[in-house]
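The values are calculated or read from the model by the stated rules, or taken from the named source; none is laboratory data. Keep in mind that what you see is a predicted model, and the values were worked out from it rather than measured. Neighbour counts are summed over all protein chains in view; Cβ atoms, including those assigned to glycine, are modelled from backbone coordinates with ideal geometry. These area figures cover heavy atoms from the full protein model, side chains too; ligands, DNA and RNA do not enter into them. Shrake-Rupley method; radii C 1.70, N 1.55, O 1.52, S 1.80 Å.
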Amino acid sequence: MNPALDIAAVVLVLIATVVLGAMGVRLSRTTGDFFVASRSVRSVWNASAISGEYLSAGTFLGLAGLVLLVGADGFWFPIGYAAGYLLLLLFVAAPLRRSGAYTIPDFIEARLESKAVRRLTSVLVVVIGWLYIVPQLHGASLALKVVADLPGWAGAVVVAVVVCGLVAAGGMRAITVVQGMQYWLKLTALLVPAVVLLIALSGREPELSPAMEPLQAFPVELGPAATHPYATGSLMLALLLGTIGLPHVLVRFYTSPDGGSARRTTVLVVAMIGAFYAVSGTMGLIARVVTPDLAHPGLADTVVLALPSRVLPGPLGTLLTALVVAGAFAAFLSTSSGLVVSLAGVISQDVFDGSVRSFRLSAVLCVVVPLGVALLTGPEALVSSVGTVFLVAATSLTPVILLGVWWRGLTARGAAAGMLVGALTCGAALLGSALVGEALSGADAALAAALLAQPAAWAIPLATAVVVIVSLRDRDRVPTRADRYLARLHLPERRREA
């Protein structure tokens, strides 16, 4: 590695981000520009922007590290991430765009005619967003520490400052331009090294060192009993349904011109993120042959940064490392930007007056809190940190969003009860796993630990059942405009106008 070249690559990414963001800032004038880019983002660029913000630090650094640790089992994560967009395509993409909302709380309030449920939704959206921003800041700190030996706080502060300035200055329109560029940079930053490394290794006999022996069964630390079959199935359910509850993903559908455009965008996203996951997984498979000594939780997240110089110790390896570093910082910036702009819209409307000025103030608040948490905590395994966010979203917001789109009988009390039960159950399970996981042993205890560590398989049905049961017992409180609103969600725009 060449620290000076790596830092230069980071600086170039930051400059490109600021320049492109400035172009968007010049076009941002109205409230609609800041919140949803005036609903004018076309499918290809919107798909690039969604892919740019969705492929986070957990994917860029963590996926290859996970494959290094557990081999083929690591591919369950990208399968779950990508398949989640199929559910978005089938069930919520077009209806959410047709809702006319700016944010998830906007949609919930309009659907259920309840400000109290809106406030509860806003709290959950902010918590989920903050939980997702922290791993991005940890990833930035890890990257700069590995490639340039800078202090642990440096990467987090750099990303926080740039994201805060970009979002506050230009809102959704500015970050859409930036995120679209950053997706293609991230794909290039892994695709080029992967191809070059495969060519360089094509004529070599694999050297199986003693370190490879324990690698075949090395347990990744995703929580107690993570290797239990139940844990895998429950994790997949969390990833599949969690995508529907991610605020920074859903808000991008509001930027599409119409429902049909939102559907086309989703199809393109599946293809784009699928291509990226294939490349990232390939880097992980290369790492299992080249860098088995990095197969340790935490350290494995640095493998894509270390691979080029391990295989090609000369100038070419140094250049490829700089390219990977540039892509990594694009990942931190794009995901953080998407999260901050979605949260700023929520806080601006629910805490302040919903103006452009309050949006900018909210953007600062949305960065300061997770930055403080990131500076006070150490980075865990990046993929598992992001997996926890999907779990919280799947148990708290997803059941209400799906039922809000597809079930007339949903009531405000049912939605509130389901969100509270889902969030509290999920939190209690994860806390219980952390407290009792080490004390459990044996087959039955392993299942109990898995039930706590990966509660999606029972917590999501529980939350959904609570929503349905409470709503059925509260039938006289079904919103009076429910039928009209559902017609708006499901009828194509041209047919409604006719």
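Before moving on, here are some points about what is shown:
- Per atom type, the chain shows carbon and sulfur on 67% of its accessible surface, probed at 1.4 Å.
- Between Leu361 and Ile15, the contour length at 0.36 nm per residue exceeds the alpha carbon distance by 122.2 nm.
- Label-point gap, in nm, between Ile7 and Asp476 - each point 7 angstrom along Cα→Cβ: 7.1
- Peptide packing: for 247-260, 329-342, the average count of neighbouring Cβ atoms within 10 Å per residue gives the ranking 329-342, 247-260, highest mean first.
- Using 0.36 nm per residue and subtracting the Cα-Cα separation, the extra length available between Asp149 and Ala278 on full extension is 43.4 nm.
- Residue-normalised accessible area of the chain, expressed per residue, 1.4 Å probe, Å²: 38
- Kyte-Doolittle mean at least -1.0, axial Cα span of 24 Å or more - DSSP H helices of the chain: 3-27, 115-148, 154-201, 259-290, 315-350, 356-376, 412-436
- Over the chain: helical MRE at 222 nm, DSSP H runs n ≥ 4 each giving -39500 (n - 2.57), nearest 500: -25000 deg cm²/dmol
- Each of Val70, Val369, Val400 has its accessible area taken with a 1.4 Å probe; listed largest first, they run Val369, Val70, Val400.
- In range of the label at Val369: residues from the range 310-352 whose backbone nitrogen is under 17 Å from the point 7 Å along Cα→Cβ: 336-352
- Of the peptides 231-242, 473-484, the order by per-residue mean of other Cβ atoms within 10 Å, starting with the highest, comes out as 231-242, 473-484.
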